[in-house]
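Chemist: Below you'll find the structure I mean.
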Amino acid sequence: MKASVVITSRRFSSRPWGRKRFYKSTSVHREGGDYGVRLDHRSLRTPLRKLFVVPREELAVGVAQEWSSQDDIIIPSHMHLTSLCNTVIDDVHVEKCRNDSLQHYLLNDMLCYHATEPDELVLLQQVHWSPIIEWFNERYSTNIHPSNSLAASTSGNHLINNEALLTINKWTIVGLQQMADLTGSLILTMALLKDRVSLSQACWLAQLEAEYQGKHWGQVEWHHGVDRAHLITALSAALLLTNLTANYTLH
């Protein structure tokens, strides 16, 4: 029996560039052991023209909602979940770079680099970043310490050799990489995944220094709001992808 979810809602888009919307509705359907998305009666395809199929129905529904939410002009940059799924399906050396990329993120983790001045920023980082590092060390048996230089003190191989991370699938690795890119921190990414921090807390922690600078030196309010909104929506998509595919047997 074919499962189908039809979504017809639409959302105003403020950005003026993109392709004109050519469909009226979106739907989710079974595609073998996976799930596909249709725009009217056309099967969605990736930028490399591969058939768009995902392993979880919830993922397909999320992608269908993104396409449904486009207004008269399709804005690809608004469809974070679609973009992440396309990356996996079109396969940009996802499996090959798994261990190297995790090692890179950990050795260059933003939470490891603490300011030396001003005192107020130093205190903020100590109060809000250090407990996350301590949690990470305990959880993953690492020995990471904050540093004031570009040579943070880590024992990162303990994490990379962790079996739970070595066995993650290509869908999950793309979600993890995107979260680490957005936050600048694999440590913060794992804290969010394991519910050590909430989504809003993760966004605030990732922008802690920028928030401090804006508070003391001023900022363009509308631009700051756009940046934060983009971070929240993009991080939400990556978190959804990671949570839906982690510890899941893929076809």
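The values are calculated or read from the model by the stated rules, or taken from the named source; none is laboratory data. Please read these numbers as outputs of a predicted model, since none were measured by experiment. Note that each Cβ is placed from the backbone with ideal geometry, even for glycine, and that neighbours are counted across all protein chains shown. Ligands, DNA and RNA are stripped out before the accessible areas are found, and what is left, the full protein with its side chains, is counted by its heavy atoms. Shrake-Rupley method; radii C 1.70, N 1.55, O 1.52, S 1.80 Å.
Rundown of residues vs (1) within 22 Å of Ser236 (Cα to Cα); (2) open to solvent by less than 70 Å² (accessible area, probe 1.4 Å); (3) modelled with pLDDT under 90; (4) part of a helix (DSSP H, G or I), yes/no style:
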| site | (1), (2), (3), (4) |
| --- | --- |
| Ser14 | yes, no, yes, no |
| Arg49 | no, no, no, no |
| Val63 | yes, yes, no, yes |
| Asn86 | yes, yes, no, yes |
| Glu95 | no, no, yes, no |
| Asn99 | no, yes, yes, yes |
| Leu102 | yes, yes, yes, yes |
| Leu106 | yes, yes, yes, yes |
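Chemist: Quickly run through the range 195-251 and pick out the residues that are outside any helix (DSSP H, G or I), more than 16 Å from the chain's Cα centre (by Cα) and at pLDDT below 90.
Modeler: So the first thing to find is which residues in the range 195-251 are outside any helix (DSSP H, G or I), and the list is 195-198, 207, 218-220, 246-251.
Subset that is more than 16 Å from the chain's Cα centre (by Cα): 196, 218-220, 247-251.
Those that are outside any helix (DSSP H, G or I), more than 16 Å from the chain's Cα centre (by Cα) and at pLDDT below 90: Gly218, Gln219, Val220, Asn247, Tyr248, Thr249, Leu250, His251.
Chemist: Picking from Arg56, Arg38, Arg30, which residue would you name as being under 18 Å from His80 (Cβ atoms), open to solvent by 40 Å² or more (accessible area, probe 1.4 Å) and touching a helix residue (DSSP H, G or I) at 6+ places or on another chain (Cβ under 9 Å)?
Modeler: Details: Arg38 fails: under 18 Å from His80 (Cβ atoms); Arg30 fails: under 18 Å from His80 (Cβ atoms).
Residue meeting the stated conditions: Arg56.
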